[in-house]
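The values are calculated or read from the model by the stated rules, or taken from the named source; none is laboratory data. All figures in this text were calculated on a predicted structure; none of them were measured in a lab. FYI the Cβ positions are ideal-geometry reconstructions off the backbone, even for glycines, and counts take in every protein chain you see.
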Amino acid sequence: MPMPLRDALEVVAAHRGERIVIPTMASVHIWPSLSDTPRDFTYMPSSMGQGHAMGLGLALARPDPGVIALCGDGSLLMNLGSLVTIAQHPANFWLILLDNGLYEVTGGQRVAGSGRTDYAGLATAAGIPRVYTFDDAAKWRSAAPQVFAGKGSVFVWLKTEGRTGQKTPTPPRPMAEQITRLRAVLNG
C-alpha cells in the first residue's frame, strides 16, 4: 500500500542535511510546513517537468552541498529524457519521484501508464548508478541514511497515496524572494 505523502516528505526533511531542496507540484502543499529555509526553492507555478532539470543544473554548478529535487510521476513523464541526462552528467543530486498515479495539481486525472510503468527500471536503464524503490514509510525511513549517504546521482521512487480535489499549491513566498534567498546561500 502506498505511503502518505507527508510521511514520505518527513523522511526527506529529516535527512536532507545542508542540501538544497526543490519541491514541485504536489509536494508544494506539504514541504513548507516541514522546512522553511533559504535552502528550499519551491518551484511553482508552471514547473511541471522542469524542477528536476533545474536541480541537476544547480548540482552541476554547485556540487556542495548537493541538491534534492522532488517531482511527481506526471512531471517525470513530461521530461523523461532527463534521466539520461542525469546519468550522463553525474552530480551530487537526488531525484525523488513521488508517484501517486495522479496529476494531483491539475484535478486528479490518472497519469498514463499508472501502475504499469517501472520507473526504477527506466532510471537503471538510463544509467543512474543508485536506484531505490519504496512503497512503505517504515522501510523508507529505515533506508534513508544509506540513500542520503555519500554523493549522488541517486534516483528514489516513492509510491505515495494520491489525493484528488487538491487546489493548485502556491509557493510560500514570491519567486523573486526565493531567488534572492537561494542566491545568498549559493554565494556563501
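Only one entry of 98, 80 meets the criterion of being aliphatic (A, V, I, L, M) and surrounded by fewer than 19 Cβ atoms within 10 Å (Cβ to Cβ), and that entry is 80.
Let's see how each residue does on (1) farther than 20 Å from residue 10 by Cα; (2) modelled with pLDDT of 95 or more; (3) touching a His at 6+ places or on another chain (Cβ under 7 Å):
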position	(1), (2), (3)
112	yes, no, no
119	yes, no, no
128	yes, yes, no
132	no, yes, no
147	no, yes, no
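Summed over the stretch 163-188, residues that are touching a residue at least 60 places away in the same chain (Cβ under 8 Å), in a loop (DSSP other than H, G, I, E, B) and loosely packed, with under 13 Cβ neighbours inside 10 Å total 1.
One residue alone among 60, 98 is hydrophobic (A, V, I, L, M, F, W, C) and under 13 Å from residue 155 (Cα atoms), and that residue is 98. Only one of the listed residues (113, 49, 66) is touching a helix residue (DSSP H, G or I) at 6+ places or on another chain (Cβ under 6 Å) and at positive phi. That residue is 49. The set of residues from the stretch 16-59 being within 16 Å of residue 144 (Cα to Cα), in contact (Cβ under 8 Å) with a residue 60 or more places away in the chain and surrounded by fewer than 17 Cβ atoms within 10 Å (Cβ to Cβ) comprises just one member, 17. Give the residues of the stretch 142-179 that are in contact with a Pro (Cβ under 6 Å, 6 or more places away or on another chain) and under 30 Å from residue 88 (Cβ atoms), sorted by residue number. Answer for the stretch 142-179, where residues must be in contact with a Pro (Cβ under 6 Å, 6 or more places away or on another chain) and under 30 Å from residue 88 (Cβ atoms): 153, 159, 160.
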